[in-house]
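The values are calculated or read from the model by the stated rules, or taken from the named source; none is laboratory data. Model, not experiment: these values are computed from the prediction. Cβ placement follows ideal geometry from the backbone for every residue including glycine, while neighbour counts extend to all protein chains displayed. Accessible surface areas use protein heavy atoms only, side chains included; no ligands, DNA or RNA. Shrake-Rupley method; radii C 1.70, N 1.55, O 1.52, S 1.80 Å.
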Amino acid sequence: MSSEETLDSVLSHWLFFNTWWLLLPFIMLLVVAAFIVAFVLLLYMISPLISPKPLKLNGAHVVVTGGSSGIGKCIAMECYKHGAFITLVARDEHKLVQAKKEVEKFAINDKQVVLCISVDVAKDYSQVESVIKQAQEKLGPVDMLVNCAGTSLSGKFEEVEVDHFKKMMEVNYLGSVYPTRAVITTMKERRMGRIMFVSSQAGQIGLFGYTAYSPSKFALRGLAEALQMEMKPYNIYVTVAYPPDTDTPGFAEENKTKPLETKLISETSGVSQPEQVAKIVVKDAVQGNFTSSFGPDGYMLSALTCGMSPVTSITEGLQQIVTMGLFRTIALFYLGSFDSIVRRCMIQREQCKAADKRE
C-alpha cells in the first residue's frame with residue numbers, strides 16, 4: 001500500500017470516527033424523543049383504566065358540614081342545582097334554617113329534600129356518628145361528604161393563646177375526621193363514594209400570621225393522602241380543595257385581627273367569591289380529582305406541592321413534571337416578595353418605637 005493510500009485510509013477512519021461522535025448527541029436525542037412519545041402514548045392508553053367514573057349528583061345524598069354559611073352553603077346550593085339531596089350540618093340552628101331556605105330555591109324537581117342537623121362535628125364522635133346515621137335513615141346512604149366545617153385565626157406566634165392551637169386542630173382537623181369516620185364504612189360496603197376536605201392555600205404554604213391555622217389545614221392533606229390509598233380499591237375517591245381568600249363571613253371576621261404582614265401578603269392574590277369556589281370544588285369532587293385548586297396561583301401551588309400525592313389522570317401527572325422547574329423559579333420570586341414585606345413591616349415598627357421613645 002502506498003503512502004498516499006495509507007494517508008487516505010487514516011483520514012477516512014478519522015472522519016468517520018469524528019462524524020460519528022458529532023451525530024451521537026442527535027441520535028441519542030431521537031431515541032429519547034421516541035421513548036417519550038411511546039411512553040406518553042402508553043400512558044394515554046391505560047389512563048381510562050385508572051381514571052374514576054364521575055359521580056352522578058342527581059338523586060345522590062350529599063352531606064355538607066359547615067353548610068350554614070360561606071363556601072359550605074354555596075357547595076350545598078351547587079349540588080342541589082344538580083338534583084342532589086342535601087344534609088346541612090352546623091352548630092347554629094338559626095343559620096341552618098336560613099341556609100335551608102336559600103338552598104331550596106335551587107331545586108330542579110319536587111322530590112329533592114334539604115335536611116338540617118345541628119351538631120358540633122369537632123366535639124364528640126359519638127354524636128357525629130349518631131346524626132350521620134339519622135341522616136342516612138332519612139335520605140339514604142351518603143354518596144358524597146363535604147368536610148367544610150372550619151375556622152380561621154391569624155396572629156403572631158407568640159401572641160396567639162396556647163388554647164387556640166388546640167382549637168384549630170380540633171375544629172379544622174378532627175372536625176373532618178369524625179364525619180369521615182362516620183360515613184366510610186357504608187361507602188366501603190357500597191363500593192362507591194366521594195370524600196371532600198376543604199383545606200386552604202394556607203394548607204399548601206405556611207405564611208406569616210398562620211402558625212395556628214396553617215398546620216391544621218396541612219394536616220388535612222396528610223389525612224387525605226393516606227385515606228385515598230386505603231379507599232381507592234373500594235372506588236371511593238378523596239378530594240382536597242385549596243381555596244384562596246374567599247369573601248365569606250369567616251374571612252371578614254378574620255380580617256379584624258389580621259396582622260399587617262398577613263394582610264399585605266394576602267392582597268397579592270386577591271379575594272374569590274364563594275359561588276365560584278363551590279362550582280370548581282363540586283366539579284373536581286364529582287370527577288374524583290384528588291386536588292382542587294383555583295386560578296393561576298392555585299394551579300402553581302398544587303403543582304409545586306404535589307409531592308407523592310395521587311393523580312387522577314396521566315395528563316395531570318405529565319403537567320406536574322413539565323411545569324415543576326418553571327413554577328419553582330416563579331415561587332422563589334414570590335417568597336422573596338413575602339420576605340421583603342415582613343422586613344419592611346418590622347423596620348417600620350422599630351422606627352415607630354424609636355420615635356415614640358424620643359417623644
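Going by what's in this entry, would residue 237 be described as open to solvent by less than 40 Å² (accessible area, probe 1.4 Å), in contact with a helix residue (DSSP H, G or I) (Cβ under 8 Å, 6 or more places away or on another chain) and at pLDDT 95 or above? Criteria met by residue 237. Tell me whether the stretch 177-184 contains one or more residues that are under 29 Å from residue 54 (Cβ atoms) and hydroxyl-bearing (Ser, Thr, Tyr). Taking every residue of the stretch 177-184 in turn, at least one turns out to be under 29 Å from residue 54 (Cβ atoms) and hydroxyl-bearing (Ser, Thr, Tyr). Determine if the stretch 174-186 includes at least one residue that is touching a Phe, Trp or Tyr at 6+ places or on another chain (Cβ under 9 Å), among the basic types (Lys, Arg) and within 30 Å of residue 271 (Cα to Cα). No, the stretch 174-186 has no match at all. Filtering the stretch 163-176 to residues that are open to solvent by 40 Å² or more (accessible area, probe 1.4 Å) and closer than 20 Å to residue 223 by Cβ leaves 165, 166, 167, 169, 170, 173, 174. Of all the criteria given as (1) closer than 20 Å to residue 138 by Cβ; (2) of a type in the set (Asp, Glu); (3) crowded, with 22+ Cβ neighbours inside 10 Å, the one not satisfied by residue 104 is (3). Restricting attention to the stretch 190-230, the residues being among the aliphatic types (A, V, I, L, M), assigned to a helix (DSSP H, G or I) and open to solvent by less than 10 Å² (accessible area, probe 1.4 Å) number 3.
Take residues that are within 30 Å of residue 230 (Cβ to Cβ) and open to solvent by 20 Å² or more (accessible area, probe 1.4 Å) and tell me which of the helices (runs of 4 or more DSSP H) falling wholly in the stretch 244-359 contain 2 or more. Step through it out loud before you land on a result.
Numbers: elements: 249-255, 260-266, 274-287, 295-304, 314-358.
Per the criteria, 274-287, 295-304, 314-358.
Quick one: how many residues across the stretch 107-134 are part of a loop (DSSP other than H, G, I, E, B) and surrounded by 17 or more Cβ atoms within 10 Å (Cβ to Cβ)?
Selection size over the stretch 107-134: 4.
Do we find a residue being modelled with pLDDT of 95 or more, closer than 19 Å to residue 66 by Cα and either more than 17 Å from the chain's Cα centre (by Cα) or open to solvent by 20 Å² or more (accessible area, probe 1.4 Å) (or both) anywhere in the stretch 144-162? Within the stretch 144-162 (the criterion being modelled with pLDDT of 95 or more, closer than 19 Å to residue 66 by Cα and either more than 17 Å from the chain's Cα centre (by Cα) or open to solvent by 20 Å² or more (accessible area, probe 1.4 Å) (or both)), the answer is yes, since at least one residue qualifies.
Is one or more of the residues making up the stretch 140-147 within 21 Å of residue 277 (Cβ to Cβ), out of contact with any Asp or Glu (no Cβ under 6 Å at 6 or more places or on another chain) and in a helix (DSSP H, G or I)? No; the residues of the stretch 140-147 include none that is within 21 Å of residue 277 (Cβ to Cβ), out of contact with any Asp or Glu (no Cβ under 6 Å at 6 or more places or on another chain) and in a helix (DSSP H, G or I). Return the residues of the stretch 59-99 that are open to solvent by 60 Å² or more (accessible area, probe 1.4 Å) and part of a helix (DSSP H, G or I); say none if nothing qualifies. Listed by number, the residues that qualify are 81, 93, 94, 95, 97, 98. When residue 262 is tested against the conditions (1) among the polar types (S, T, N, Q); (2) at pLDDT 90 or above; (3) touching a Phe, Trp or Tyr at 6+ places or on another chain (Cβ under 7 Å); (4) closer than 30 Å to residue 186 by Cβ, the lone failure is (4). Of all residue pairs spaced 6 or more apart or on separate chains, those with beta-carbon atoms under 7 Å, a first member in the stretch 141-157 that is farther than 28 Å from residue 61 by Cα and a second member that is β-branched (Val, Ile, Thr) and crowded, with 22+ Cβ neighbours inside 10 Å are 154/262.
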